[in-house]
Amino acid sequence: MMRIDPFSLVYPCVSPSLLAADKGHLELEIERAEEAGASYIHFDVMDGRFVPAVSFFNDELSKPLSATRAVRDVHLMVEHPITEARRFLKMGADIVTLHVEALEKEGVAAEDLPRLLPGALLGVSLKPATPVEALRKYLPFVSLVLLMSVEPGKGGQSFLGESPARARAIRKMIGESGRRVLLSIDGGINAVTSKKALASGVDILVAGSYLFGHDDFASRLRSLLDE
Ligand code: DX5
Ligand code: ZN
């Protein structure tokens, strides 16, 4: 059940990605992120097929999801997005984000999403090589767009230079849709690249390796939003 309405939060904000967290102490890491002011927590699910790596694919997120007070934002880098979205919604996800490349491969039509995943808050994500125009048909049915600013599959990569222009193009498309759709960016976010993302109209900054594994987590989180 949705505990926080994402549209009632203050933007821009940060969604710490647990991929870079200490896997042995996920609940503690979540608590640390929440204490530092995170209003979202980003859970990266990888199946070893849509992307080469495997992460949080089994039921290991079930306890961490229930321990999270922030918005539970689940990024599904998986081949069978509908089946997996249902599974993670049952586990407590507040927003499930599906890749357009995976939806197209499975032949899922955008307009069928509300019937396939009724009542769920949905996001769509696109890989760096996918033209932003591929998003347009999903905008009437989703609440969030997750722009990948690195190739999905692992943390610690460098922010791709074309990402701000892609973010601006998506922001414009969202405006044309007449709907309120949040724009999130994921990959290579640090205190420098976050400024470029924010100047391009991004609402949510997903950051993993810049935040986790550092003693100054809270000041790093603030530095992403500083003017
Ligand atoms: C990459 C994941 C990201 C990842 C970001 O496939 O979707 O969420 O954790 O990591 P950093 O912030 O290290 O680029
Ligand atoms: Zn992610």
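The values are calculated or read from the model by the stated rules, or taken from the named source; none is laboratory data. On a predicted model such as this, the values are computed, not experimentally measured, just so you know. Here the Cβ positions follow ideal geometry from the backbone for every residue, glycine too, while neighbour counts run over all protein chains shown. Only protein heavy atoms, including side chains, enter the accessible area calculation; ligands, DNA and RNA are left aside. Shrake-Rupley method; radii C 1.70, N 1.55, O 1.52, S 1.80 Å.
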Restricting attention to the range 167-199, the residues that are more than 28 Å from residue 213 (Cα to Cα) and either open to solvent by 50 Å² or more (accessible area, probe 1.4 Å) or over 16 Å from the mean Cα position of the chain (by Cα) (or both) number exactly 12
I'd like to know if the range 122-136 contains one or more residues that are more than 10 Å from ligand 1 (Cβ to nearest atom), open to solvent by 30 Å² or more (accessible area, probe 1.4 Å) and assigned to a loop (DSSP other than H, G, I, E, B). yes
Taking the range 185-218 as the region of interest, how many residues are in contact (Cβ under 8 Å) with a residue 12 or more places away in the chain, among the charged types (D, E, K, R) and either in contact with a helix residue (DSSP H, G or I) (Cβ under 8 Å, 6 or more places away or on another chain) or farther than 14 Å from residue 167 by Cα (or both)? 1
Taking the range 145-163 as the region of interest, how many residues are crowded, with 22+ Cβ neighbours inside 10 Å and either part of a helix (DSSP H, G or I) or touching a residue at least 40 places away in the same chain (Cβ under 8 Å) (or both)? 5
Got at least one residue in the range 104-113 being β-branched (Val, Ile, Thr), within 30 Å of residue 168 (Cβ to Cβ) and within 16 Å of ligand 2 (Cβ to nearest atom)? no
Going through the range 169-221 one residue at a time, which ones are assigned to a helix (DSSP H, G or I) and within 22 Å of residue 18 (Cβ to Cβ)? 193, 194, 197, 217, 218, 219, 220, 221
Close pairs (7 angstrom Cβ cut-off, 6 or more residues apart or separate chains): over 14 Å from residue 146 (Cβ atoms) and among the aromatic types (Phe, Trp, Tyr) in the range 2-15, in a loop (DSSP other than H, G, I, E, B) and open to solvent by less than 80 Å² (accessible area, probe 1.4 Å) anywhere: 11/203
Tally time: how many residues in the range 202-217 are in contact with a Ser or Thr (Cβ under 7 Å, 6 or more places away or on another chain) and within 11 Å of ligand 1 (Cβ to nearest atom)? 4
Hey, does the range 210-226 have a residue that's open to solvent by 30 Å² or more (accessible area, probe 1.4 Å) and under 22 Å from residue 169 (Cα atoms)? yes
Could you tell me whether residue 43 is touching a helix residue (DSSP H, G or I) at 6+ places or on another chain (Cβ under 9 Å), part of a loop (DSSP other than H, G, I, E, B) and in contact (Cβ under 8 Å) with a residue 24 or more places away in the chain? no
Taking residue 113 as the residue in question, decide whether it is outside any loop (DSSP other than H, G, I, E, B), more than 16 Å from ligand 1 (Cβ to nearest atom) and surrounded by 20 or more Cβ atoms within 10 Å (Cβ to Cβ). yes
